[in-house]
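For reference, the structure discussed in these notes is given below.
Since every read-out is calculated from the coordinates, none of them should be taken as a lab result. Note that the structure is predicted; figures quoted are calculated from it, not measured. Cβ: placed from backbone, ideal geometry, glycine included. Neighbour counts: every protein chain shown.
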Amino acid sequence: MNLIEKTVNKDYIYKGRIINVRSDTALLPNGATALREVVEHPGGVCVAALNENNEMLFVRQYRYPYSEILLEIPAGKLNPGEDPLECGKRELWEETGATADEFLSLGQLYPSPGYCSEIIHIYFARITGTGKAHPDEDEFVECIKIPLDKAVEMVLNNEIKDGKTQTAILKVDALIKQNKLKL
């Protein structure tokens, strides 16, 4: 069965600092056309970082669209042409002051594939150094440590609502239990 839709026209409605919004006309497999609204996003990276006590580093940060403080793993937006791993290292250091010698890719996440082009690259890191955080001047974050088992419990109790953070926590926990990640 043919499932592919082909772009006939792209009409940019908004071009911003982080996102662009467009309204496309798409040709459907049956020959009809449909409107597709797309949010273009440069993508991002998140890092599930564990210290020697198997505590995961988190940041508490106010998220304007939800009008609430969320608990998330260190993460950030990719700059044009930036390598995702280098972005992950940068964000870990900026938001928490932590560094790591070894990173493992945990794959990619499409947070909202129905309308957004964002791809989030997920990494695991074992922390080898700690220091002072260096957040961007418009970024206000508080770094906290939570034992991995407690973080899994918090995901299951919906105390951690951020999708990339939930995914990373559960992947790290599953890989450890399958002996694919060593503690």
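For segment 36-55, how many residues are assigned to a loop (DSSP other than H, G, I, E, B) and over 28 Å from V21 (Cβ atoms)?
We begin by selecting, within segment 36-55, every residue assigned to a loop (DSSP other than H, G, I, E, B); these are 41-43, 51-54.
Among the residues that remain, those that are also over 28 Å from V21 (Cβ atoms) are: 51-54.
Total satisfying the criteria: 4.
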Residues in segment 66-92 that are under 22 Å from I160 (Cα atoms) and buried (at least 18 other Cβ atoms within 10 Å of the Cβ): how many?
9
Which residue out of E153, E159 is touching a residue at least 12 places away in the same chain (Cβ under 8 Å) and either within 16 Å of the chain's Cα centre (by Cα) or closer than 17 Å to L57 by Cα (or both)?
E159
The lone condition R60 fails out of (1) assigned to a strand (DSSP E or B); (2) crowded, with 18+ Cβ neighbours inside 10 Å; (3) touching a Leu at 6+ places or on another chain (Cβ under 7 Å) is (2)
